[in-house]
Amino acid sequence: MDTPAMLEVEDIHVSYGRLVALRGVSLNVGEGEIVCIIGPNGAGKSTMLAAIAGGVPLQAGTVRLGGKIIAGMVPEAISRLGVSLVPEGRHVFGTLTVAENLRIGTFQRRDRANVNDDFRRILEHFPQLRERLGQPAGRLSGGEQQMLVIARALLTRPRLVLVDEPSLGLAPRLIDQVYEILIDLRRREGLTLLINEQSSDRVLKFADRIYVLRSGRVQLHDRAANLREGHAIMSAYFGFQDRHDAPASQSVPS
Amino acid sequence: MIGFLQNLIDALSLGSLYALAALGIGLLFGILRLANFAHGDFITVGAYALIVPSLDVTAKMFIGHWPLILMIPTVCIIVVVLALLADALLFRPLRRASAPTLMIASFALGYIIQNVILMFYGARPKAADLWSNLSRQVEIGQLRVPQLQLVTIAVTIALMILLTLFLRQTSFGVQMRAAAEDFRMARYLGVRANFVVGLAFAISGLLAAAVSLLFLSQTGQLSNTMGVPLMLFAFIATVIGGMGSLTGAVVGGFTVGLISTMLQAYLPPELRPFRDAFVFAVVILILLYRPGGLIPTKALVQRV
């Protein structure tokens with residue numbers, strides 16, 4: 001590692017009843033890095049982020065943030081340590097105003113003095129939100145809601161932001177906009193990002209490193225630069241043995 | 001016409017009690033998905049807190065004789081502490097339990113409270129005189145209205161305004177509304193689950209204490225199951241209002257009060273003993289046409 005690991009996930013196992021979602025996944029994210037997890041539907045990507053954020057219990061393995069074990073802590077405690085999850089499907093508080101949505105995450109901050117400055121600064125990245133602060137968040141369009149949840153996560157003043165499929169259900173133009181903002185925020189605010197995506201072409205352009213997750217296991221892990229050419233990523237994603245093979249039988253070992 | 005107006009004020013006053021009780025139930029339901037059937041027994045405890053524990057038939061006032069400025073906060077504190085204890089000892093260990101489990105647990109809590117009261121205060125209903133000077137009537141034009149009804153309506157309106165201000169203007173209130181809509185997301189943003197739930201229990205207890213005092217001063221009678229019918233009607237109020245919606249709970253409370261009072265007034269005398277059956281029939285009709293309640297919430301659907 002050329003950067004010190006901020007987040008270390010070690011061999012975690014998660015299941016929902018008899019359904020096994022993660023079978024021993026390890027991953028790390030360095031300070032200031034953008035790391036992407038890609039993989040098909042049901043690969044365990046969302047579970048991965050929820051497990052880091054304390055939303056689902058681990059059967060085995062551990063998670064460390066800055067060397068400190070956070071596995072087993074409640075989600076609000078992990079949030080207070082600086083991990084902010086932007087879950088899939090947006091989850092705005094629809095009956096609350098846009099401003100109230102944004103303020104939720106600031107109530108637990110100890111640096112009260114900076115909150116108003118942050119509020120102003122972060123809204124500069126999201127001009128559409130600034131005009132609609134007094135409106136119920138439920139009335140925003142899908143794209144605006146995605147902006148809102150990202151801005152809301154940032155206002156908790158996180159060290160690490162976990163973003164679960166930000167492109168889901170958005171028009172391509174909006175997806176580009178969301179990613180431009182995320183990349184811009186990394187540059188200007190020094191954010192560390194762990195992002196889930198289904199498709200690889202977009203994230204390969206800006207991610208530092210990529211993990212390919214399938215059937216609850218890491219199939220491939222490399223620097224994005226090494227993956228831009230070649231078929232390794234496709235093979236890992238679809239589970240081909242190598243590129244000359246026909247698709248391997250999709251039976252999932254249990 | 002005068003008769004109708006008189007009935008309308010009766011309905012408002014009864015609806016106020018139902019609305020306050022329904023708010024207490026709705027608040028907890030919104031956040032915890034707990035249908036708290038012990039809420040009526042919280043109300044009972046608030047009323048019994050006023051008197052000296054004894055098995056005598058006539059109640060001797062204890063806290064009830066204190067000056068208002070001491071008596072009201074003391075009763076509120078007692079019920080709030082009871083509600084917080086219920087959370088800490090019973091509902092917190094059940095945090096991951098399903099909604100039916102929580103409901104059954106609240107039934108059990110209710111029975112325990114009823115029987116503890118039975119042990120210390122005896123089984124017979126007791127007469128208790130609280131604020132009987134408020135039963136004097138005020139004349140407004142041709143209307144003759146007991147002061148108590150006006151006080152009840154005024155207190156209810158004041159509490160609803162305070163609750164609304166709390167939920168809209170304070171950071172705790174905003175956190176509670178967020179938690180009611182999407183508890184998990186709120187926690188991901190640092191909202192402390194136990195704190196928000198405790199707050200909801202405390203406010204629910206506060207509302208129950210208010211109902212205790214208003215209800216006792218209206219009926220003048222204590223019994224260890226006095227809160228049960230209130231809870232039942234308040235629960236129905238939250239259902240026809242739309243489970244999980246606080247506005248719905250208030251609208252539902254006044255609706256049930258209105259239906260109940262008007263049926264009492266206008267049903268043929270021989271049918272009046274069956275008034276509640278007619279109330280429930282109207283409730284069924286409302287739910288047939290609006291299964292989600294009068295003011296349905298989206299939050300419930302989103303949670304699934």
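The values are calculated or read from the model by the stated rules, or taken from the named source; none is laboratory data. Here the structure is a predicted model, which means the values were calculated and not measured. Backbone-built Cβ (ideal geometry, glycine too); neighbour counts: all protein chains shown. Only protein heavy atoms, including side chains, enter the accessible area calculation; ligands, DNA and RNA are left aside. Shrake-Rupley method; radii C 1.70, N 1.55, O 1.52, S 1.80 Å.
Scale the Cα Rg of chain B by the rule-of-thumb value 2.2 N^0.38 Å and send over the ratio, two decimals. Working shown, then result.
Working: Rg = 19.2 Å, N = 304, 2.2 N^0.38 = 19.3 Å.
Taking N as the residue count of chain B, the ratio is 0.99.
Please compute the modelled spin-label separation between A:Ala171 and A:Asn116, points set 7 Å along Cα→Cβ, answer in nm with one decimal.
If labels sit at A:Asn116 and A:Ala171, their model points lie 3.8 nm apart.
Express the relative contact order of chain B as a whole percentage, based on alpha carbon pairs under 8 Å and six or more residues apart in sequence. It would help to have the intermediate numbers written out before the result.
On the way: 479 pairs, mean separation 105.4, N = 304.
With pairs under 8 Å counted, the relative contact order is 35 percent.
Would you please state which residues of region A:170-208 a label at A:Arg223 would reach in this model, taking the label point 7 Å out along Cα→Cβ and a backbone N cut-off of under 11 Å?
Within reach of a label on A:Arg223, which here means backbone N under 11 Å from a point 7 Å along Cα→Cβ, region A:170-208 contributes A:208.
Which order do the peptides A:98-106, B:80-88, B:115-123 come out in when sorted by mean C-beta neighbours inside 10 angstrom, highest first? Before the final figure, lay out each step's value.
On the way: A:98-106: 23.3, B:80-88: 19.4, B:115-123: 14.3.
Final packing ranking: A:98-106, B:80-88, B:115-123.
Just the number, please: buried accessible area between B and A, total of both chains, 1.4 angstrom probe, nearest 100 square angstrom.
Numbers: alone 14900 and 12240 Å², together 25180 Å².
Approximately 2000 Å² gets buried when B meets A.
How do B:Phe42, B:Phe172 stack up against each other in accessible area, from largest to smallest, with a 1.4 angstrom probe? Before the final figure, lay out each step's value.
On the way: B:Phe42 0, B:Phe172 90 Å².
From most exposed to least exposed: B:Phe172, B:Phe42.
Looking at chain B only, what percent of DSSP beta bridges run antiparallel? Nearest 5 please. The partial results should precede the final answer.
Working: 7 of 8 bridges.
If I count the DSSP bridges inside chain B, around 90 percent turn out antiparallel.
Helix-derived [θ] at 222 nm for chain A: sum -39500 (n - 2.57) over DSSP H runs of at least 4, divide by residue count, nearest 500? Don't skip to the end; give the middle numbers.
Working: 10 runs with 87 residues, N = 254.
After summing the helix terms and dividing by the residues of chain A, the value is -9500 deg cm²/dmol.
If B:Phe215, B:Phe62 are ordered by their accessible area, calculated over protein heavy atoms with a 1.4 Å probe, which sequence runs from highest to lowest? Mind dumping the intermediate values first?
Numbers: B:Phe215 40, B:Phe62 105 Å².
Of B:Phe215, B:Phe62, the descending order of accessible area is B:Phe62, B:Phe215.
So in the protein assembly as shown, what percent of DSSP beta bridges are antiparallel if you round to the nearest 5? Intermediate values should be presented prior to the final figure.
Values: 30 of 49 bridges.
Around 60 percent antiparallel, to the nearest 5.
Relative contact order of region B:1-62: what whole-number percent is it, with Cα pairs under 8 angstrom and at least 6 residues apart?
On the way: 22 pairs, mean separation 10.2, N = 62.
Computed over region B:1-62, the figure is 16 percent.
At a probe radius of 1.4 Å, what is the per-residue accessible area of A:Arg132, in Å² to the nearest 10?
Result for A:Arg132: roughly 60 Å² accessible.
How big is the gap, in Å, between the Cα center of region B:186-206 and the Cα center of region A:78-92?
Each part's Cα centre sits 19 Å from the other's.
For a quick check of understanding: with a 1.4 angstrom probe and all protein chains in place, what accessible area in square angstrom does A:His231 have, to the nearest ten?
Rounded to the nearest 10, the figure is 100 Å².
Counting only C-alpha contacts under 8 Å and six or more residues apart, can you give the relative contact order of chain A as a whole percent?
Details: 468 pairs, mean separation 63.3, N = 254.
Contact order relative to length: 25 percent.
Along Cα→Cβ, 7 Å out, is where each label goes; now give me the distance between the ones at B:Leu232 and A:Leu81 in nm to one decimal.
Computed distance between label sites B:Leu232 and A:Leu81 equals 5.1 nm.
Accessible area per residue for the protein assembly as shown in Å², computed with a 1.4 Å probe and the full protein assembly in place, what is it? Can you show the working numbers first?
Numbers: 25180 Å² over 558 residues.
Solvent-accessible surface per residue comes out at 45 Å².
Please arrange A:Arg187, B:Arg168 by accessible surface area, largest first, computed with a 1.4 Å probe and ligands excluded.
Values: A:Arg187 170, B:Arg168 130 Å².
The ordering from most to least exposed comes out as A:Arg187, B:Arg168.
From the square roots a ≥ b ≥ c of the eigenvalues of the alpha-carbon gyration tensor of region B:1-77, which class results: rounded (a/c under 1.5), prolate (a/b over b/c), or oblate? Don't jump to the answer; show the numbers that get you there.
On the way: a/c = 2.14, a/b = 1.20, b/c = 1.79.
Taking the square roots of the gyration eigenvalues as a ≥ b ≥ c, region B:1-77 is oblate.
Residues in region B:142-176, backbone N under 17 Å from the label point at B:Leu5 (7 Å along the Cα-to-beta-carbon vector): list them, ranges by number please.
Correct set: B:142-147, B:149-150.
Okay, helix-only estimate at 222 nm for chain B: each DSSP H run of n ≥ 4 adds -39500 (n - 2.57), divide by all residues, round to 500 deg cm²/dmol; what do you get? Before the final figure, lay out the partial values.
Values: 12 runs with 205 residues, N = 304.
Mean residue ellipticity, 222 nm, calculated: -22500 deg cm²/dmol.
Once whole DSSP H runs in chain B are found, which of them have Cα atoms spread over 27 Å or more along the helix axis and a mean Kyte-Doolittle score of at least 0.5? Numbers along the way, then the final one.
Numbers: long enough: B:2-32 (44 Å, 1.72); B:99-121 (33 Å, 1.53); B:147-169 (32 Å, 1.73); B:193-219 (38 Å, 1.79); B:246-266 (30 Å, 1.31).
Counting only whole DSSP H runs, the qualifying helices are B:2-32, B:99-121, B:147-169, B:193-219, B:246-266.
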